[in-house]
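J.: Submitted below is the structure of interest, expressed as structure tokens.
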Amino acid sequence: MELNALTAISPIDGRYRNKTEQLAGYFSEYALIRYRVRVEIEYFITLCELPLPQLADFNHDLFEPLRDIYRNFTEEDAQRVKDIEKVTNHDVKAVEYFIKEKWDAILSPLAPHLSPLKEFIHFGLTSQDINNTSVPLSIKEALEQVYYPMVEELIEQLNDYAEQWKQVPMLAKTHGQPASPTRLGKEIMVYVYRLEEQLRALKETPITAKFGGATGNLNAHHVAYPQYDWREFGNQFVSEKLGLEREQWTTQISNYDWLGAIFDAMRRINTIIIDLDRDFWMYISMEYFKQKIKAGEVGSSAMPHKVNPIDFENSEGNMGMANAVLTFLAQKLPVSRLQRDLTDSTVLRNVGVPMGHAVIAVQSTLKGLRKLILNEAKLQEDLDNTWAVVAEAIQTILRREAYPNPYEALKALTRTNEKMTEQTIHQFIQGLDVSDEVKAELMAITPSNYTGM
């Protein structure tokens, strides 16, 4: 079968391709090859800027034609790299040979005398100097251009609802039981706060790269040109050209500790969204919200009346998938035998998978939120039917007044199988041995106005 949205094995590239297609520019095989080409070319340019003695006369006007190789990188170019790889059986070496081919086609006609300098492509490097810069760079740009804006859009939507519903009283539930009332807007603001805090923490987490030669010691660089401070060169290259932070002490591969921290930070955000999904699922079940109905949609193959909270369920499931992979990546990548084993290589190719599931999930959460219709009458009905929740307020004021055993008095009143009503509570207040002013204060408390700050 031809590979397309119907024949793809993963739903990320199949059923949900229309939601995840934007990630192809960061995590596809095409994208990985393009990032590798970009790193190789920027590294060569940085060698020229140093300059190495042999590269001192390299015409800097040729930098932009070199950069155009990755700027104008096409699917046909990626396929050419894959064709070379069939011969080399090595993906990064294939990239080096591809760039040299492009050099012959683009630069050699302009400056044929510079042709020998193409041997400084990949000079002194090992494959992981390319992989452990390319992958973090793809993650950095996917976070900045896709993930952050998506989470910020969710926060903005929640903020709008928090403001819109900040005066709507709501019965709270702790342990699933009626508790001191709250306000709907405040409960949504909790999620705004949590997401903002964890998004800030994610943005502050360094995205690091390994760049240090075959075993992390810059052996080849140092033996060829011992007069240069190659560590400082690596620091500047990784920082100034790639916008990453260089890991100072490594083996052949990245330590992956900070990349693990990135995955853990993403997982915390995703977990908050799972919590949000479940709460709104419950609110819909409690009829606090109805859902906008779209003509032609079906909620059940058997029960015509159903309008399911499917968007929140879809989000919860996809966030669960994302977090499972993020947890594995964070735990696996920092572990490698001696100076390096190859397990990180195949695992790294999956870094786009959890982001794909997260993209699907957040879009589903947003879709669910935007279908909500507030059913304020149901919230008010639950408050009116649960007068026992003002017991906390009454016993607290009685404590203030030094009334004897106020907690026990309210406990005896409310912990029965009899329904607490406005009349029951008011009869209790009238029988208290307190001043008329305190009684009036207590009588003014209702489930709808006892909502705190």
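The values are calculated or read from the model by the stated rules, or taken from the named source; none is laboratory data. Quick caveat: nothing in here was measured; it's all calculated off a predicted structure. Please note: Cβ atoms are built from the backbone with ideal geometry, for glycine as well, and neighbour counts cover all protein chains shown. Areas reflect the complete protein model, heavy atoms only, side chains present, ligands, DNA and RNA absent. Shrake-Rupley method; radii C 1.70, N 1.55, O 1.52, S 1.80 Å.
J.: In degrees from 0 to 90, rounded to the nearest 10, what is the angle of the helix 91-106 Cα long axis to the longest principal axis of the chain?
T.: Between the helix axis and the principal axis of the chain, the angle is about 60 degrees.
J.: Is the C-alpha gyration tensor of segment 215-344 telling us rounded, prolate or oblate? Criteria: a/c under 1.5 is rounded; beyond that, a/b larger than b/c is prolate, otherwise oblate.
T.: The shape class here is prolate.
J.: Now, a different point. Which one, 289, 159, 219, is farthest towards the positive end of the dipole of the chain when Lys and Arg carry +1 and Asp and Glu -1 on their Cβ?
T.: Of the candidates, 289 comes out farthest on the positive side.
J.: In addition: Classify segment 1-147 as rounded, prolate or oblate from the Cα gyration tensor: take a ≥ b ≥ c as the square roots of its eigenvalues, call it rounded if a/c is under 1.5, otherwise prolate when a/b beats b/c and oblate if not.
T.: prolate
J.: Could you pull out every one of the lysines with an alpha carbon less than 18 Å from that of residue 292, ignoring same-chain neighbours closer than 8 positions?
T.: Those lysines meeting the cut-off are 306, 367, 371, 378.
J.: Here's a follow-up. Using alpha carbons only, how many degrees (0 to 90, rounded to 10) separate the axis of helix 391-400 from the longest principal axis of the chain?
T.: Computed tilt is about 80 degrees.
J.: Determine, from the Cβ-Cβ distance of residue 236 and residue 10 and an R0 of 41 Å, the FRET efficiency 1/(1 + (r/R0)^6), rounded to the nearest 0.05.
T.: 0.60
J.: Okay, moving on. State in Å² the accessible area per residue of segment 78-234; use a 1.4 Å probe, count heavy atoms of protein chains only, and round to the nearest integer.
T.: For segment 78-234, the per-residue accessible area is 45 Å².
J.: May I pose another question? Divide the volume of the convex hull of the Cα atoms of segment 180-222 by its number of residues and quote the answer in cubic angstrom per residue.
T.: Dividing the Cα hull volume of segment 180-222 by its residue count gives 82 Å³.
J.: Let me ask something else. How big is the antiparallel share of DSSP beta bridges in the chain, given as a percent to the nearest 5?
T.: In the chain, approximately 80 percent of DSSP beta bridges are antiparallel ones.
J.: What's the ranking of 244-253, 110-119, 127-136, 57-66 by average number of surrounding C-beta atoms within 10 Å, highest first?
T.: Top to bottom by mean Cβ count within 10 Å: 127-136, 244-253, 57-66, 110-119.
J.: Along the charge dipole of the chain, Cβ charges K/R +1 and D/E -1, which of 175, 429, 66 sits furthest on the positive end?
T.: Of 175, 429, 66, it is 175.
J.: Now a separate question. For the pair residue 347 and residue 108, what calculated FRET efficiency results from E = 1/(1 + (r/R0)^6), where r is the Cβ-Cβ distance and R0 = 41 Å, to the nearest 0.05?
T.: Rounded to the nearest 0.05, the efficiency is 0.60.
J.: Based on the mean of other Cβ atoms within 10 Å per residue, sort peptides 141-148, 4-11, 350-357 so the most packed one is first.
T.: Top to bottom by mean Cβ count within 10 Å: 350-357, 141-148, 4-11.
J.: Still on this structure: At what distance in angstrom do the alpha carbon centres of segment 60-139 and segment 387-416 lie from each other?
T.: Value for the Cα centre distance between the two parts: 77 Å.
J.: Taking a temperature of 10 °C and a viscosity of 1.306 mPa s, what whole-number D in µm²/s does Stokes-Einstein yield for segment 266-400 with Rh from Kirkwood over alpha carbon pairs?
T.: 86 µm²/s
J.: Let's see if you can work this out: charge +1 on each Lys and Arg Cβ, -1 on each Asp and Glu Cβ, no other charges. What is the dipole magnitude of segment 69-165 about its Cα centre, in debye to the nearest 20?
T.: Using Cβ point charges on Lys, Arg, Asp and Glu, segment 69-165 gives about 740 debye.
J.: Below 10 angstrom from the Cβ of residue 102, what's the summed charge of the other residues (Lys, Arg +1; Asp, Glu -1)?
T.: Cβ neighbours under 10 Å give a net charge of -1.
J.: For the pairs 118/203; 86/118; 210/332; 19/186, flag any whose C-alpha to C-alpha distance is greater than 28 Å.
T.: Flagged as over cut-off: 118/203; 19/186.
J.: Return one number: the angle in degrees, 0 to 90 and rounded to the nearest 10, between the long axis of the Cα atoms of helix 184-204 and the longest principal axis of the Cα atoms of the chain.
T.: The answer is roughly 20 degrees.
J.: Separate question: Report, to the nearest whole %, how much of the accessible area of the chain belongs to carbon and sulfur atoms, 1.4 Å probe, protein only.
T.: Accessible surface attributable to carbon and sulfur in the chain totals 51 percent.
J.: With Cβ to Cβ distances under 10 Å as the rule, what net charge do the other residues near residue 287 carry (K, R +1; D, E -1)?
T.: Net local charge, residue 287 excluded: 0.
J.: Compute, for the chain, the length of the dipole vector about the Cα centre, with Cβ point charges of +1 (Lys, Arg) and -1 (Asp, Glu) only. Units Debye, rounded to 20.
T.: Magnitude of the dipole: close to 820 debye.
J.: Which net charge results when you count Lys and Arg as +1 and Asp and Glu as -1 among the other residues whose beta-carbon is under 15 Å from that of residue 133?
T.: Within the 15 Å Cβ shell, the charges total -3.
J.: Ratio of the chain's C-alpha Rg to 2.2 N^0.38 Å, to two decimals?
T.: 1.37
J.: Subtract the Cα-Cα distance of residue 228 and residue 275 from 0.36 nm times their separation in residues, and report this length gain in nm to one decimal.
T.: Separation in residues times 0.36 nm, less the Cα-Cα distance, equals 11.6 nm.
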